[in-house]
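The values are calculated or read from the model by the stated rules, or taken from the named source; none is laboratory data. No experiment lies behind these values; they were computed from the predicted model shown. Cβ coordinates were reconstructed from backbone atoms using ideal geometry, including for glycine residues, and neighbour counts include every protein chain displayed.
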Amino acid sequence: MDPTNSTVHASAVLTGAKATLIRGPAGSGKSRLAWGLVTAGAQGLLPLARLVADDRVFLEIRSRRLLVRPARELAGMIEIRGLGIRRIEFEPAAVVGLVVDLDAGDTDRLPEQKATNVVINGVKLPRLAVATGMAALPLVLAALRTPSGG
């Protein structure tokens, strides 16, 4: 496979003009956060929030941007704990604008600059590390809705 293209276990939601890529170990809450963002969009807390992919995403580089697409067999499907797999509207592709790492081991109250960015397939992106047990949705909403103070 081309090293600039890869399939990874992650979820992604188009949150405004760009997608939020959600990574983390199995059981860390990737699908729960994706559904929370979609719900936040429906409630008007975000200008737009639509599922791109859940569980497995395809990443590729185009024009020095990281694009995310759903795995074909999972397109439009999301796991909602307690309900199972559900079909919802989805975006076929989006440019990644934020990476959220759940159950991250490098979280700090005031994160160092090096922890706030990540390079994926050669593309540098803003990163939000969420500690184990921390409620991810309010933190991600704050990251998406407020400008950086630094």
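Would you point out which residue out of VAL52, VAL96, VAL100, VAL68 is at pLDDT 95 or above, of a type in the set (A, V, I, L, M, F, W, C), in contact with a Pro (Cβ under 8 Å, 6 or more places away or on another chain) and in a strand (DSSP E or B)? Talk me through it step by step, then tell me what you get.
On the way: VAL96 fails: in contact with a Pro (Cβ under 8 Å, 6 or more places away or on another chain); VAL100 fails: in contact with a Pro (Cβ under 8 Å, 6 or more places away or on another chain); VAL68 fails: in contact with a Pro (Cβ under 8 Å, 6 or more places away or on another chain).
VAL52 is the lone residue from the list that is at pLDDT 95 or above, of a type in the set (A, V, I, L, M, F, W, C), in contact with a Pro (Cβ under 8 Å, 6 or more places away or on another chain) and in a strand (DSSP E or B).
Taking only the stretch 26-43 into account, find how many residues are modelled with pLDDT of 95 or more and loosely packed, with under 13 Cβ neighbours inside 10 Å.
2
Would you check if PRO47 is part of a loop (DSSP other than H, G, I, E, B) and modelled with pLDDT of 95 or more? Working first, answer last.
On the way: part of a loop (DSSP other than H, G, I, E, B): yes; modelled with pLDDT of 95 or more: no.
No; evaluated as a whole, the condition is false for this residue.
What pairs can you find where one residue is in the stretch 131-150 and of a type in the set (Gly, Ala, Ser), the other is buried (at least 17 other Cβ atoms within 10 Å of the Cβ) and not in a helix (DSSP H, G or I), and their Cβ atoms are less than 7 Å apart, with a gap of 6+ or different chains?
ALA131/ALA104; ALA136/GLY29; ALA136/VAL100; ALA136/LEU102; ALA136/VAL130; ALA143/LEU98; ALA143/LEU128
Kindly list the number of the only condition in (1) without any contact (Cβ under 8 Å) to a residue 24 or more places away in the chain; (2) surrounded by 11 or more Cβ atoms within 10 Å (Cβ to Cβ); (3) over 20 Å from VAL8 (Cβ atoms); (4) not aromatic (Phe, Trp, Tyr) that fails for ILE85.
(3)
Which one is nearest to VAL118 (Cα to Cα) among residues in the stretch 15-29 that are in a strand (DSSP E or B) and out of contact with any helix residue (DSSP H, G or I) (no Cβ under 9 Å at 6 or more places or on another chain)?
So the first thing to find is which residues in the stretch 15-29 are in a strand (DSSP E or B), and the list is 15, 18-23.
Subsequent filtering for residues that are out of contact with any helix residue (DSSP H, G or I) (no Cβ under 9 Å at 6 or more places or on another chain) retains 18-19, 21.
Numbers: LYS18: 16, ALA19: 15, LEU21: 12 Å.
Here the answer is LEU21.
What's the number of the only condition in (1) over 23 Å from LYS124 (Cα atoms); (2) in a loop (DSSP other than H, G, I, E, B) that ARG32 fails to meet?
All conditions are met except number (2).
Can you tell me which residue is farthest from MET77 (Cα to Cα) among those in the stretch 49-66 that are of a type in the set (A, V, I, L, M, F, W, C) and within 14 Å of the chain's Cα centre (by Cα)?
Of the residues in the stretch 49-66, the ones of a type in the set (A, V, I, L, M, F, W, C) are 49, 51-53, 57-59, 61, 66.
This time we only want the ones that are within 14 Å of the chain's Cα centre (by Cα), so: 49, 51-53, 57-59, 66.
On the way: ALA49: 15, LEU51: 9, VAL52: 9, ALA53: 8, VAL57: 12, PHE58: 15, LEU59: 18, LEU66: 22 Å.
Checking each candidate, the answer is LEU66.
Just wondering, is there one or more residues in the stretch 127-139 that are under 27 Å from ASN5 (Cα atoms), in a strand (DSSP E or B), among the small types (Gly, Ala, Ser) and at pLDDT below 95?
yes
Only one of (1) farther than 14 Å from THR7 by Cα; (2) acidic (Asp, Glu); (3) free of Cβ contacts under 8 Å to residues at least 40 places away in the same chain fails for GLU79. Which number is that?
All conditions pass for GLU79, except number (3).
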